[in-house]
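A short write-up of the structure that comes next.
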């Protein structure tokens with residue numbers, strides 16, 4: 001088998017959707033004649049730890065090498081802890097402070113330790129490819145350094161843009177200059193760049209004209225069909241339409257506009273509102289709960305808190321309709337939310353409240369979708385009415401199977417390993 005060295009700070013037992021892209025790639029690589037070795041972090045503070053994902057790593061016999069380092073988050077929240085996210089005001093201040101003092105990010109210490117670990121492995125063993133997925137982008141720098149020293153092909157995978165991404169904060173012109181210079185250097189060294197969607201590819205090609213069209217390939221987010229096999233749905237205790245959200249709220253990802261729309265529905269058409277439940281899986285923050293109470297919607301809310309991924313899947317296949325919100329962010333047209341693609345695996349109808357961009361295009365292709373802009377409260381209310389009426393008539397739409405299968409993680413991994421293989425043959 002060929003061997004790929006994977007640098008991945010975010011990896012189980014960490015949870016949430018950002019972890020899963022790298023996990024699923026490494027899970028299926030061996031089926032395409034590639035053996036991954038993953039260098040990741042040890043025990044660190046994080047909002048969510050997921051035992052079901054950790055078990056998946058172990059059951060897949062993925063070789064994992066853990067290396068620890070001083071962690072900024074650990075100083076704030078303890079070494080190994082799962083807890084609710086801080087209030088948004090606090091989180092944003094801490095995030096901006098971190099972006100002020102650490103370039104490209106606060107994982108620099110870990111990335112330096114990962115470099116030493118990787119170097120030791122590369123000196124003892126033969127590898128064929130180096131692969132890394134960011135953020136954090138500090139590990140791109142580590143991978144670039146290893147490529148130069150050992151002459152191995154380098155694949156870098158963007159889960160979001162680096163320069164000017166949706167959460168970017170540049171307190172001075174120097175910060176932006178420094179980020180661009182670092183990214184420029186990494187892209188010069190990379191043999192292949194992987195992005196999530198066409199909009200992200202266009203951004204990179206326009207920002208760095210030295211990149212050729214074929215230098216950047218698109219592999220979208222996906223879902224693991226294996227996760228949905230032999231899963232028993234959870235029986236509902238009533239005949240109300242259940243609308244489910246799975247994920248976390250932060251920055252401009254907020255349930256506020258949906259809740260306000262539901263309140264308007266309750267006032268205008270109480271018979272419909274009384275037959276809808278709003279289910280939240282993940283971190284429903286204190287400020288979100290405050291809005292719910294102020295609007296008098298507590299009795300319509302089902303809150304589960306953070307669940308292991310395997311339990312989340314049960315709720316996705318058991319609900320009637322899924323909901324996702326993406327706020328108006330920097331470069332929002334290039335944003336791809338991993339959770340949306342897992343929604344696709346459920347084959348459930350989806351209400352998407354989001355600006356124009358890659359995810360809206362994906363939902364249009366999914367077809368079993370209802371789209372509004374994120375903060376158009378009246379439109380969201382009207383959409384709830386439309387969806388509820390279809391639910392009562394048993395006429396909710398079903399997505400085309402071909403589209404869903406296109407986003408199976410196994411198929412996406414095959415695309416990646418074919419790119420590995422093609423590059424090696426070209427060499």
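The values are calculated or read from the model by the stated rules, or taken from the named source; none is laboratory data. All of these numbers come straight from a predicted model, not from anything done at the bench. Neighbour counts are summed over all protein chains in view; Cβ atoms, including those assigned to glycine, are modelled from backbone coordinates with ideal geometry.
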Does the range 33-48 hold any residues that are farther than 22 Å from residue 424 by Cα, out of contact with any helix residue (DSSP H, G or I) (no Cβ under 6 Å at 6 or more places or on another chain) and surrounded by fewer than 20 Cβ atoms within 10 Å (Cβ to Cβ), and which are they?
-> 42, 43
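Would you check which residues across the range 201-211 are under 21 Å from the mean Cα position of the chain (by Cα) and either closer than 20 Å to residue 132 by Cβ or surrounded by 21 or more Cβ atoms within 10 Å (Cβ to Cβ) (or both) and list them?
Correct list: 201, 203, 204.
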Evaluate the following for residue 281: is it assigned by TED's automatic domain parsing to the domain that holds residue 350 and within 30 Å of residue 169 (Cβ to Cβ)?
-> yes
Considering each residue of the range 95-150, count those that are touching a residue at least 40 places away in the same chain (Cβ under 8 Å) and more than 23 Å from residue 191 (Cα to Cα), and give that number.
-> 9
Report, by residue number, each residue of the range 201-211 that is farther than 21 Å from residue 169 by Cα and either outside any helix (DSSP H, G or I) or in the same structural domain as residue 360 (by TED's automatic domain parsing) (or both).
-> 209, 210, 211
Being under 24 Å from residue 305 (Cα atoms) and in contact (Cβ under 8 Å) with a residue 60 or more places away in the chain is the filter; apply it to the range 11-23 and report the residue that is surrounded by the most Cβ atoms within 10 Å (Cβ to Cβ).
-> 20
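Tell me the residue from 402, 386, 365, 393 that is free of Cβ contacts under 8 Å to residues at least 60 places away in the same chain, closer than 30 Å to residue 4 by Cβ, over 18 Å from the mean Cα position of the chain (by Cα) and assigned by TED's automatic domain parsing to the domain that holds residue 254, please.
Numbers: 386 fails: closer than 30 Å to residue 4 by Cβ; 365 fails: closer than 30 Å to residue 4 by Cβ; 393 fails: closer than 30 Å to residue 4 by Cβ.
Exactly one of 402, 386, 365, 393 is free of Cβ contacts under 8 Å to residues at least 60 places away in the same chain, closer than 30 Å to residue 4 by Cβ, over 18 Å from the mean Cα position of the chain (by Cα) and assigned by TED's automatic domain parsing to the domain that holds residue 254, namely 402.
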Scan the range 290-301 residue by residue and report those that are within 26 Å of residue 387 (Cα to Cα) and either without any contact (Cβ under 8 Å) to a residue 12 or more places away in the chain or not in a helix (DSSP H, G or I) (or both).
-> 293, 294, 295, 296, 297, 298, 299, 301
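Give the residues of the range 378-423 that are modelled with pLDDT under 95 and touching a strand residue (DSSP E or B) at 6+ places or on another chain (Cβ under 7 Å), sorted by residue number. It would help to see each step written out before you state the result.
The first filter runs over the range 378-423 and keeps only residues modelled with pLDDT under 95, leaving 421-423.
Across the range 378-423, the qualifying residue is only 423.
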When the range 212-235 is examined, which residues are found to be part of a loop (DSSP other than H, G, I, E, B) and either within 19 Å of residue 133 (Cα to Cα) or touching a helix residue (DSSP H, G or I) at 6+ places or on another chain (Cβ under 6 Å) (or both)?
-> 219, 220, 221, 222, 224, 231, 233, 234
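Is there a residue being farther than 27 Å from residue 50 by Cα, touching a residue at least 12 places away in the same chain (Cβ under 8 Å) and more than 16 Å from the chain's Cα centre (by Cα) anywhere in the range 336-347?
Looking for residues that are farther than 27 Å from residue 50 by Cα, touching a residue at least 12 places away in the same chain (Cβ under 8 Å) and more than 16 Å from the chain's Cα centre (by Cα), one finds none in the range 336-347, hence no.
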Taking the residues in the range 7-37 that are modelled with pLDDT of 95 or more and in a strand (DSSP E or B) as candidates, determine which candidate is farthest from residue 118 (Cα to Cα).
-> 34
Checked the range 302-324 for anything under 25 Å from residue 49 (Cβ atoms) and not in a helix (DSSP H, G or I); matches are 302, 303, 304, 305, 306, 307, 308, 319, 322, 324
Being in the same structural domain as residue 398 (by TED's automatic domain parsing), buried (at least 19 other Cβ atoms within 10 Å of the Cβ), over 20 Å from the mean Cα position of the chain (by Cα) and within 29 Å of residue 358 (Cα to Cα) narrows 312, 321 down to just 321
Within the range 236-255, which residues are part of a loop (DSSP other than H, G, I, E, B) and at pLDDT below 90?
-> 236, 237, 249, 251, 252
